[in-house]
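First up is the structure itself, then whatever we jot down about it.
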Amino acid sequence: MKNIKKFLIYFGIIIIILLIITMIFPTWTSHIKGDNSISSLEQVNINGSDHEIMIRGKDKNNPIIIFVHGGPGCSEIPYASKYQDLLENNFTVVNYDQRASGKSYHFFEDYSNLSSDLLVDDLLALTDYISEHLGKEKVILIGHSYGTYLATQAAYKAPEKYEAYIGIGQISDIVESEIDGLNFVIDQAQNAGNTEDALYLQGLTEQIKNGDAFTPRNYIAKYGGASRLIENPDGNNIGMLFSSEYNLLDVIRYNYGVSYSQEALLQEVIKTPLPTIVKKLELPSYFVMGKYDYQTSSNAAKNYFDRIEANKKEFIAFDESAHYPQFEEKEKFYKWMCDTFIK
């Protein structure tokens, strides 16, 4: 009996030590070969708050992409290098964790003023930092999902900072988009004979039409409206732990950040629809949408695209993917980026 107790004590101590090690274990991003390559992961103070920034590319002289993640709060740093490896050949790709997201979530920082306006200001300040740091007058701005709500506004406010704006999983009129998503999952549930799912989702109709609720993301994912050619990468805690860029403490911060950010920010996109804020973009603008995207409806995005004014605009449909066309069809996306921006 004493031996069992000793074993349990020692086992508990080992587990605690391992947890402490995984929480404080150093993080890094893998090295890229090349005399002029860059592969950095660091905290930089942007607009009064420390932001985690990852910069990767084979040649610092290549065009720069600033990638604005979605969510709110869903950092893409833990899995970005897995999907952007092709882009790194001809572009320098900047990913950052937004204020109160991922590694940029700090437990004792006051986030009571968190808003989309503040995150847009952060993005503009980050753009200035990156342009100066890497010696480029303009950068390519890519927003994904909720990140398009921020990036579209940044492109609208300061078009002179950007070579072009690219919206992937472009946010539009949220109520219209959510109704599209709801109708899709109801149809898919009925086609699959899942009567219980269909009845539950039908019961959400009035709330969603009134802008009081979102179509449940777990149902959109279940019926193929989130990702089709890859596993949905967002919120994969195990995957984050196996990335070199995140340790256990970062995963904990990620989950706190998602919870806080979504509570603070999601109602803004319903109450202040993006098409009422940005009606004109004075730079080349591209909407890249997966045909099967029902997290940010491709149909609603096309309606917004048709209304928005721009000196040059293009709607690009990816026929095999859903909410992550840049990852699900990364070869096609890479070719389009090269054809469009590599002279």
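What to note about this one:
- Residue under evaluation PRO273, criteria (1) under 26 Å from PHE184 (Cα atoms); (2) surrounded by fewer than 16 Cβ atoms within 10 Å (Cβ to Cβ), criterion not met: (2)
- Taking (1) free of Cβ contacts under 8 Å to residues at least 60 places away in the same chain; (2) farther than 21 Å from ASP122 by Cα; (3) in contact with a helix residue (DSSP H, G or I) (Cβ under 7 Å, 6 or more places away or on another chain) in turn, VAL94 satisfies each apart from (2).
- Inclusion of SER298 among residues that are within 30 Å of ASN90 (Cβ to Cβ) and in contact with a Gly (Cβ under 7 Å, 6 or more places away or on another chain) is warranted.
- Scanning the range 313-339 for residues that are in contact (Cβ under 8 Å) with a residue 40 or more places away in the chain and surrounded by fewer than 16 Cβ atoms within 10 Å (Cβ to Cβ) returns GLU320, GLU331, CYS338.
- Top-ranked residue in the range 165-183 [being buried (at least 22 other Cβ atoms within 10 Å of the Cβ) and among the hydrophobic types (A, V, I, L, M, F, W, C); ranked as farthest from GLY71 (Cα to Cα)]: LEU182
- Hits in the range 188-197 (condition: small (Gly, Ala, Ser) and crowded, with 19+ Cβ neighbours inside 10 Å): ALA189
- Among the residues making up the range 305-327, those that are more than 21 Å from ILE140 (Cα to Cα) and assigned to a helix (DSSP H, G or I) are ASP306, ARG307.
- Unique residue being in contact (Cβ under 8 Å) with a residue 12 or more places away in the chain, out of contact with any Phe, Trp or Tyr (no Cβ under 8 Å at 6 or more places or on another chain) and crowded, with 20+ Cβ neighbours inside 10 Å when the list is THR148, THR152: THR148
- Of the residues SER285, SER297, the single one that is in contact with a Phe, Trp or Tyr (Cβ under 7 Å, 6 or more places away or on another chain) and at pLDDT 95 or above is SER285.
- Of the residues making up the range 206-226, those that are surrounded by 15 or more Cβ atoms within 10 Å (Cβ to Cβ), assigned to a helix (DSSP H, G or I) and more than 19 Å from the chain's Cα centre (by Cα) number 3.
- Looking only at the range 227-250, and only at residues there that are aliphatic (A, V, I, L, M) and within 16 Å of the chain's Cα centre (by Cα), the one that is farthest from CYS74 (Cα to Cα): ILE230
- Condition check for GLU231: acidic (Asp, Glu) and buried (at least 18 other Cβ atoms within 10 Å of the Cβ): no
- Scan the range 107-135 for residues that are in contact with a helix residue (DSSP H, G or I) (Cβ under 8 Å, 6 or more places away or on another chain) and farther than 20 Å from VAL269 by Cβ and the total you get is 4.
The values are calculated or read from the model by the stated rules, or taken from the named source; none is laboratory data. Values in this document were obtained by computation on a predicted structure and should not be read as measured data. FYI the Cβ positions are ideal-geometry reconstructions off the backbone, even for glycines, and counts take in every protein chain you see.
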